[in-house]
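The values are calculated or read from the model by the stated rules, or taken from the named source; none is laboratory data. Being a predicted model, the structure only gives us computed values, none of them experimental. Using ideal geometry, Cβ is built from the backbone for each residue, glycine included, and neighbour counts are taken over all protein chains shown. Please note that ligands, DNA and RNA were not included when accessible areas were found on the heavy atoms of the full protein model with its side chains. Shrake-Rupley method; radii C 1.70, N 1.55, O 1.52, S 1.80 Å.
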Amino acid sequence: MIESQQSKSNGIMISPAIAGSLAAGGAIVALETAVFTHGLPRDAAVPCVREIRTSVKAEGADPAICGVVEGRPTIGMSDLEIECLLTAEGEKTSPATLPRVVGLRQWAGTTAGATMILAHHVGITCVATGGIGGVHPGAGHDVSGDLTCLGRLPLIVICSGAKAILDLDATMEVLETLGVTVVGYRTDELPGFYTCTTGRRLPGRVESPHEIMAVWRAARSVGSPASLVVMNPPPAHLAFDAPAVEAAVRRARQTPCAGPSATPTLLRLVQEDLGPRSVQLNQALLVANARLAAQVGIVISREGYSR
Ligand code: PSU
Ligand code: MN
């Protein structure tokens, strides 16, 4: 059992740094952990967490790594807790499984959706992730719980698109159906996680953290219940060409997989196919998205927000 000096809010464990920042109205960026338990290779995970922490702090915001520590939903996990989560081989928890892993005292890395639930519950607005879940191709009705959360919770989610293995057109359609506002960050095109472009035009674009805040605020003032998704293209110097990614995805899809393991399995196959640069890119885009989320958090914290 890991001893902690955390405070508890709404049943959620909060680290002293995050509790202090929440009380002071500071800028906080919530980050998921499923990408570390089930996305990146194990040896890349801890250095990536460290880089994210450093970058968010450098922007003047507080990084809140979210996950389930022996059944305790936690906001602001320590490095030790993250290492224990990886050692315990915690499961990947989505909105649907979060109550079970908490109730039955298990370890788990939270998906973007589960992270959104925890963040919203304690009053954190900005969430950063790599790629959101979405609609898987085929007739299996596999639609990520990330999308439901985006439709229901009034957050700002910064990502680099939906994951390359998904049906991107169907994913964009479902986001629209759920009333989720989607904008590109300094781009007109939907990024493809591994690629800067996908040939799909986004409904709108923003140029600055200030504009992101303006759109999010407008969503609140018109009574929208949903999130604002900001699509931030991956760093161009590491991004891949679309044909290379398409070929890797096609090869990965030849391996049958379904359910919660579908995303991690397919992503691992694509990653192996694309080689080590894909891991570097994954890390770099996580850091870049966390940075942008920090900048947005700062603007909101500075300008204040009232309904
Ligand atoms: N990015 C990765 N690997 C992952 C994920 C993201 O490189 O495993 C996770 C995210 O946490 C995302 C989740 O929220 O996959 C979606 O999974 P599903 O399709 O099962 O909802
Ligand atoms: Mn699924």
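Scanning segment 187-218 for residues that are in contact (Cβ under 8 Å) with a residue 12 or more places away in the chain, within 15 Å of Leu155 (Cα to Cα) and surrounded by fewer than 19 Cβ atoms within 10 Å (Cβ to Cβ) yields a count of 2. The residues on offer are Ile82, Ile52, Ile65, and the sole one that is open to solvent by less than 10 Å² (accessible area, probe 1.4 Å), within 19 Å of Val29 (Cβ to Cβ), touching a Ser or Thr at 6+ places or on another chain (Cβ under 9 Å) and not in a strand (DSSP E or B) is Ile82.
Looking at Ser227, Ser221, just one residue is in contact with a Ser or Thr (Cβ under 8 Å, 6 or more places away or on another chain) and of a type outside the set (A, V, I, L, M, F, W, C), and that residue is Ser227. The single condition among (1) touching a helix residue (DSSP H, G or I) at 6+ places or on another chain (Cβ under 7 Å); (2) under 18 Å from Gly130 (Cα atoms); (3) at pLDDT below 95 that Pro234 does not satisfy is (3).
Within segment 136-163, if we keep just the residues that are open to solvent by less than 20 Å² (accessible area, probe 1.4 Å) and either β-branched (Val, Ile, Thr) or at pLDDT below 95 (or both), the residue that is farthest from ligand 1 (Cβ to nearest atom) turns out to be Ile156. Within segment 87-100, the set of residues being at pLDDT 95 or above, open to solvent by less than 40 Å² (accessible area, probe 1.4 Å) and either among the aromatic types (Phe, Trp, Tyr) or more than 18 Å from Gly123 (Cα to Cα) (or both) comprises Thr93, Ser94, Thr97, Leu98.
For segment 264-279, the set of residues classified as open to solvent by less than 90 Å² (accessible area, probe 1.4 Å), on the phi < 0 side of the Ramachandran plot and either within 10 Å of ligand 1 (Cβ to nearest atom) or assigned to a loop (DSSP other than H, G, I, E, B) (or both) consists of Pro264, Thr265, Leu266, Leu267, Val270, Gln271, Ser278, Val279, listed by residue number. Filtered by the rule that a residue be more than 27 Å from Ile124 (Cα to Cα), within 14 Å of ligand 1 (Cβ to nearest atom) and in a helix (DSSP H, G or I), segment 225-263 gives Val245, Ala248, Val249, Ala252, Gly259, Ser261, Ala262.
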